[in-house]
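Reading through the structure tokens given below for one structure.
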Amino acid sequence: MPPVSSPILSISGLSKQYKSGHTALGGVDLEIERGEIFALLGPNGAGKTTLISIVCGTVNKSGGTIAMDGEDIAHNFRLARQRIGLVPQEIAVDIFTTVWNTVSFSRGLFGKAPDPAYIEQLLRDLSLWEKRDAKMIELSGGMKRRVMIAKALSHEPDLLFLDEPTAGVDVNLRRDMWALVRKLREKGVTIILTTHYIEEAEEMADRVGVIDGGKVLLVEEKAALMRKLGKRRLTLTLAEPLAQVPAALSDWSLSLEEEGHKLVYSFDAEEDDTGMPALLRRLDDLHIAFKDLDTSRSSLEDIFVELVEKSA
Amino acid sequence: MSGINIHGIWAIYSSEMARTRRTVLQSIATPVITTALYFIVFGGAIGSRMQHVGGVGYGAFIVPGLIMLSLLTQSISNASVGIYFPKFTGTMFEILSAPLNAIEAVIAYVGAAATKSVIIGLIILATSTFFTDVRILHPVWMVGFLLMTSIAFSLFGFIIGIWAKSFEQLSIIPSLIVTPLTFLGGAFYSIDMLPPAWRTVSLFNPVVYLVSGFRWSFYGLGDVGVAASLGFTAGFMALCLAILWWIFQTGWRLKP
Ligand SMILES: Nc1ncnc2c1ncn2[C@@H]1O[C@H](COP(=O)(O)OP(=O)(O)OP(=O)(O)O)[C@@H](O)[C@H]1O
Ligand SMILES: [Mg+2]
């Protein structure tokens, strides 16, 4: 067993050029820590699925290396594959088989001896037990997605990839899913997920990686990222609406919202001098009265949009 | 798990066999009915006006050819659908991401397709005994040819399934090449009955070698030597294996 501190997955210089000539990955370096939940964020076409697919062996890489516990996965592909579970972005199932059969099939396919008790527990955890004898064709989309998760977990992987697992999923299922993810993490499973619901990454992930145009733009502890890039907003609800921001306030980056009823000041939370006290004094001097005051921290979503815009 | 992924092979093999059971009517009944019709038409209606071929009644004479015809078409269609279906539904990702190497995947898929063909071949053989007197002079060879042909053409079907990008392509090679070659391959006649020119042409038809060897194992008579039949079947199997090896090395039509 390798030391706990070493990364479970090390990707270096990974590149992918599809036959169409499109470069989906342009030299990606990424290390995934053992036991963490890592969220990979990026707009459509960023290369998230391509990255995951190469690690899981469903897409050929063009260059670079992938190591699991320090060993190139090409050297002992069986060992690596057996430890990896994948819930793909698209639901793909043999619609004529039953839930129980398809999940058992996956377990066998990944080289594990049958274990009906484990499969039963898995199906119960995913609220699929009642449906175990139903054919896939009889299930709703959300149910099918649960089955995809059950299949990915059927062989007890310790590295799980979830490619947009909550896309098109209702609130209940999403909550179940995150409960399951937390439970898995407690068991020591490392989880890499992509999602467009950025609040979820914000809520779930230990670390966040931002990818766009096939390049990893940044990898950061979620909390550090929030601190580092987090903008704060001061919103003042004015007593009297303003037509425009007075010239006397041009030292601050201000904007008006809601037809001049709200004055918004955005500032860097990390700066020693946020400029907020001075602004409030100046407003007092100018006799601009406000009824309410509110500050908020920007969400990961804001950060993400900003980063992607910067790199574009 | 060490060495071989036995559970993986078994998972695919048994799910393929389950698919056969689900479609039992189409999988088993169709070839049986078709064969019975061949006996009634060729063996009964036409055969009664044909002379014996090499001392064997016409009905009995066509049995090996009929079995061969089913083995070829069934092996190809079973194996090609078996691997094309996951490509079509997208479930291929799971096979590709599994700790399963090329040899194991081939054993599982081709093994299941060949098993089904052998079962069908034996059912046809059993059916034919209701219509005619069948003797088997060399049962070991008969079983050998049955197995080899099923495996070789299941391999071929597997390649077609990987190559095909649509259901149309899936059936194009069987219907445009294999069926004509089989009909012209001496399934229903001895190529000795043909004019010399056509006989020479027939010798370029690979199916002639298959049918001939198989018929020899029944009645001890064949259009070409047993060694040639055996050599052809083995050679064809080797060629398919080589192509498959290349496919899995490169991920051709399997992985983007
Ligand atoms: N099989 C393929 N052949 C050619 N180009 C492809 C293929 N698959 C993906 N691409 C291209 O590679 C790029 C990255 O695609 P990828 O699916 O990895 O993006 P993604 O980040 O997962 O996007 P999304 O959020 O929409 O799922 C895209 O421009 C896409 O069009
Ligand atoms: Mg994607």
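The values are calculated or read from the model by the stated rules, or taken from the named source; none is laboratory data. Keep in mind that what you see is a predicted model, and the values were worked out from it rather than measured. Note that we place each Cβ from the backbone using ideal geometry, even for glycine, and neighbour counts take in every protein chain shown. Surface areas here come from the heavy atoms of the whole protein model, side chains and all, with no ligands, DNA or RNA. Shrake-Rupley method; radii C 1.70, N 1.55, O 1.52, S 1.80 Å.
Assorted remarks:
- Number of the condition not met by A:Ala74 [criteria: (1) within 7 Å of chain B (Cβ to nearest Cβ); (2) assigned to a loop (DSSP other than H, G, I, E, B)]: (1)
- The residues listed here are A:Ile73, A:Ile84, A:Ile66, A:Ile91; of these, the one that is in contact (Cβ under 8 Å) with a residue 12 or more places away in the chain and within 14 Å of ligand 2 (Cβ to nearest atom) is A:Ile91.
- Taking the numbered list (1) touching a residue at least 40 places away in the same chain (Cβ under 8 Å); (2) farther than 30 Å from A:Lys151 by Cα; (3) in a helix (DSSP H, G or I) in turn, B:Leu122 passes all entries but (1).
- Test set (1) outside the structural domain of A:Leu41 (by TED's automatic domain parsing); (2) out of contact with any Pro (no Cβ under 6 Å at 6 or more places or on another chain); (3) open to solvent by 30 Å² or more (accessible area, probe 1.4 Å) - A:Thr235 fails condition number: (3)
- Residue within the stretch A:39-59 that is away from chain B (no Cβ under 14 Å), more than 22 Å from A:His155 (Cβ to Cβ), out of contact with any helix residue (DSSP H, G or I) (no Cβ under 8 Å at 6 or more places or on another chain) and surrounded by fewer than 16 Cβ atoms within 10 Å (Cβ to Cβ) present: yes
- Tallying residues that are assigned to a helix (DSSP H, G or I) and under 19 Å from the mean Cα position of the chain (by Cα) within the stretch B:176-206 yields 9.
- Checking the stated criteria, A:Thr50 turns out to be within 14 Å of ligand 2 (Cβ to nearest atom) and either modelled with pLDDT of 95 or more or over 24 Å from B:Asn5 (Cβ atoms) (or both).
- Within the stretch B:82-109, the set of residues being free of Cβ contacts under 8 Å to residues at least 40 places away in the same chain, more than 7 Å from chain A (Cβ to nearest Cβ) and either under 15 Å from B:Gly3 (Cα atoms) or of a type in the set (Asp, Glu) (or both) comprises B:Ile103 only.
- Residue, least open to solvent (accessible area, probe 1.4 Å), within the stretch B:201-229, restricted to residues that are touching a residue at least 60 places away in the same chain (Cβ under 8 Å) and more than 16 Å from B:Val63 (Cα to Cα): B:Ser229
- Taking first residues from the stretch A:193-214 that are without any contact (Cβ under 8 Å) to a residue 60 or more places away in the chain and partners that are within 16 Å of ligand 2 (Cβ to nearest atom), the Cβ contacts under 6 Å between residues at least 6 apart in sequence or on separate chains come to A:Tyr197/A:Thr166.
- Selected residue [in a strand (DSSP E or B), more than 11 Å from ligand 1 (Cβ to nearest atom) and within 14 Å of another protein chain (Cβ to nearest Cβ)] from A:Gly111, A:Gly85, A:Gly27: A:Gly85
- Note on the stretch B:235-256: residues that are within 16 Å of B:Val110 (Cα to Cα) and either exposed (fewer than 14 other Cβ atoms within 10 Å of the Cβ) or modelled with pLDDT of 90 or more (or both) amount to 11.
- Selected residue (only one of A:Thr97, A:Thr65 is at pLDDT 95 or above and of a type outside the set (Asp, Glu)): A:Thr65
- Checking each residue in the stretch A:96-108 for being within 29 Å of the chain's Cα centre (by Cα) and more than 7 Å from every other protein chain (Cβ to nearest Cβ) picks out A:Val99, A:Thr102, A:Val103, A:Ser104, A:Arg107.
- Qualifying residue in the stretch A:135-154 (condition: within 12 Å of chain B (Cβ to nearest Cβ), in a loop (DSSP other than H, G, I, E, B), within 30 Å of B:Ile9 (Cβ to Cβ) and open to solvent by less than 40 Å² (accessible area, probe 1.4 Å)): yes
Here's the yes/no breakdown for (1) open to solvent by less than 30 Å² (accessible area, probe 1.4 Å); (2) acidic (Asp, Glu):
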site: A:Ala67; (1), (2): yes, no
site: A:Asp72; (1), (2): no, yes
site: A:Asn76; (1), (2): no, no
site: A:Arg81; (1), (2): no, no
site: A:Gln89; (1), (2): no, no
site: A:Ser104; (1), (2): no, no
site: A:Phe110; (1), (2): yes, no
site: A:Glu130; (1), (2): no, yes
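- The lone exception for A:Pro7 - which of (1) more than 14 Å from chain B (Cβ to nearest Cβ); (2) buried (at least 18 other Cβ atoms within 10 Å of the Cβ); (3) within 16 Å of ligand 1 (Cβ to nearest atom) it fails: (3)
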